[in-house]
Structure formats: structure tokens, C-alpha cells
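Contents: one structure, followed by commentary.
The values are calculated or read from the model by the stated rules, or taken from the named source; none is laboratory data. This is a predicted model, so every value here is computed, not measured. So basically every Cβ, Gly included, is an ideal-geometry build from the backbone, and we count neighbours across all protein chains shown. Quick note on the areas: whole protein, heavy atoms, side chains included, nothing else; ligands and nucleic acids left out. Shrake-Rupley method; radii C 1.70, N 1.55, O 1.52, S 1.80 Å.
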Amino acid sequence: MAKIYNAPQKSAPPFTFDHLRAVCDRLEEDKIKAIRMEDRPKLLQVHRDLALFLTAFWQGLRSDEVSRIRIEETVVLPDEELRFFLPHFKNDVHSNGREFVLPAMQLYCPVNAVQGWLDVSGLLEGPLFRKVDRWGGISESGINKRSIEGILNRAVEGLFENKVKFTTHSFRKGFADWASKNDWDIKGLMDHVGWGSEQSALRYLPGKKNYGSLLLDRPSVLKRVVTEVEDNGRSVATTPPNRRQLFGT
């Protein structure tokens, strides 16, 4: 009888804070070049992408939620906060809608990025994020949720040695990873993202494991404690580590 092997469950790779930082730094450089060359189409695309990536990451949004943000339902207070309302989203059981609030930040700020996009585009109503064509024309309809994945993967191209194909859930997984590393509790994370249950939230949170000083990528206790002396041309280890030195107990 042939053996049946279960394949590992596929999961969206997280678009981490390191990815976000690298992409935004590149886009800021592209912005400066576009201004110098008076390249308006490129300038529009850069401003849109910065606003889109920063909003999606810091709020942990899915692509369909990003595509449905409207200017009429958005309030930007420069250097203070960004507010936007979604009339419906996946975990909105009672269809009440939800207002999301993001604070201004010193670096990689979604508030000022959205304000910059609105200023350069001149948009006053309708979908916040839209397609920009090669001539600088801005679509009247909202950006297709499936297009966001392509925009994101083009933005990271060539930035990292390991090629990763991000998906529509990568922003949410990346933010959950960042929040976990910065000690957000599960209740705060659920409220911020809009998860309806802990089970939903835990699917996105990375597990925490700690092997302490035994990990190879940390300075080895053995190298610090064991010394070598020359004895007739051969190395002899002295001062063997005790349990307290190895495990801190």
C-alpha cells in the first residue's frame, strides 16, 4: 500500500517591518529622483505606494479592505492621526462598520504618507487608492484588490536575497509579527486589527521559542569560558564550564 504524505499547509509569508523599511527607503529615493526629473507619473506612483503600504501594514489590512477605503470616510490630521471608516469587513458580524485610527509616527508614518498622496494627486472624493497609468492619469475607480499583490512584489524586487512572493495577507501577518515582538497583548492586537476571536488572531501570530545561550547564532558560552593553552605544540582546554555558566542556574 502506498504511503500518504501530508503536505505542509501553505501560509502567506509576512511582509515584515524590515521589508517595509527597505521598500519605503527605496521609494523615498525614487521620490527625490522623480522630483528632480519632473517625472509626474513616477511621483504619483511613489506617493500612492508609500501611502498604501504604510496604511496596510500599520493597520494590518487585507487587500480588499485597502481597496475599499474612500476619501469621504477618511480624516487626515497631519502629524497627529489618520482615521478611516469601512462600512463592512470580514469579521463585522452585525454589519456595523468600523473606524480605524492610526497615530502619526516619527518614521515610516502612514498619516503623512496619506496626506502626501492626497496633496500630489489632488483627489477630493472617491476611492483613496487608485491605478496610475504611465502618463500620470489617475483612474476614477478604486485599485483592484488583486493588483495590490503585484504592486507589492514589484516594489520589493531586487531588495532581498531570498525571493519571496507576498500575498494579500502578508501585510496582516507582518504587522502581527511586529506587534508580537513589541509585546502587544492579544486583546490590544485583536482590537486594533478587528479580529473577532482569539483563534483568528493566533493564526497570524508567530510562536515564541527560546533556547537561550545554546543557540549557535549567539556568542557561545563555551568560547568565553573555555581557554586554551599551548602544551608542547598542542591545544589543551582548561577551566571547563559548570552548569551555572552554561544555563544560568
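I'd like the full set of residues that are among the hydroxyl-bearing types (Ser, Thr, Tyr) and outside any helix (DSSP H, G or I), limited to region 159-194. Thr167, Thr168, listed by residue number. Against the test of being open to solvent by less than 60 Å² (accessible area, probe 1.4 Å), of a type in the set (A, V, I, L, M), out of contact with any Lys or Arg (no Cβ under 9 Å at 6 or more places or on another chain) and over 13 Å from Asp18 (Cα atoms), the options Ile143, Ile186 yield a single qualifying residue, Ile186. Only residues that are in contact with a helix residue (DSSP H, G or I) (Cβ under 6 Å, 6 or more places away or on another chain), part of a helix (DSSP H, G or I) and at pLDDT below 95 were counted across region 109-158, and they come to 3. A single entry from Trp117, Trp135 fulfils the requirement of being open to solvent by 80 Å² or more (accessible area, probe 1.4 Å) and hydrophobic (A, V, I, L, M, F, W, C): Trp135.
Each row is one residue, and each column tells you yes or no for (1) over 14 Å from the mean Cα position of the chain (by Cα); (2) modelled with pLDDT of 95 or more.
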{"position": "Glu28", "(1), (2)": "yes, yes"}
{"position": "Ile32", "(1), (2)": "yes, yes"}
{"position": "Pro41", "(1), (2)": "yes, yes"}
{"position": "Phe57", "(1), (2)": "no, yes"}
{"position": "Asp64", "(1), (2)": "yes, no"}
{"position": "Pro78", "(1), (2)": "yes, no"}
{"position": "Asp92", "(1), (2)": "yes, no"}
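Against the list (1) open to solvent by 60 Å² or more (accessible area, probe 1.4 Å); (2) closer than 21 Å to His192 by Cβ, the condition Gln59 fails is (1). Whether any residue in region 90-102 is surrounded by 17 or more Cβ atoms within 10 Å (Cβ to Cβ) and part of a loop (DSSP other than H, G, I, E, B) is what I want to check. No.
Within region 1-25, residues that are among the aliphatic types (A, V, I, L, M) have Cβ atoms under 6 Å from residues that are assigned to a loop (DSSP other than H, G, I, E, B) and modelled with pLDDT under 95 in these pairs: Ala12/Thr167; Ala12/His169; Ala22/Leu159; Val23/Val156, counting only partners at least 6 apart in sequence or on another chain.
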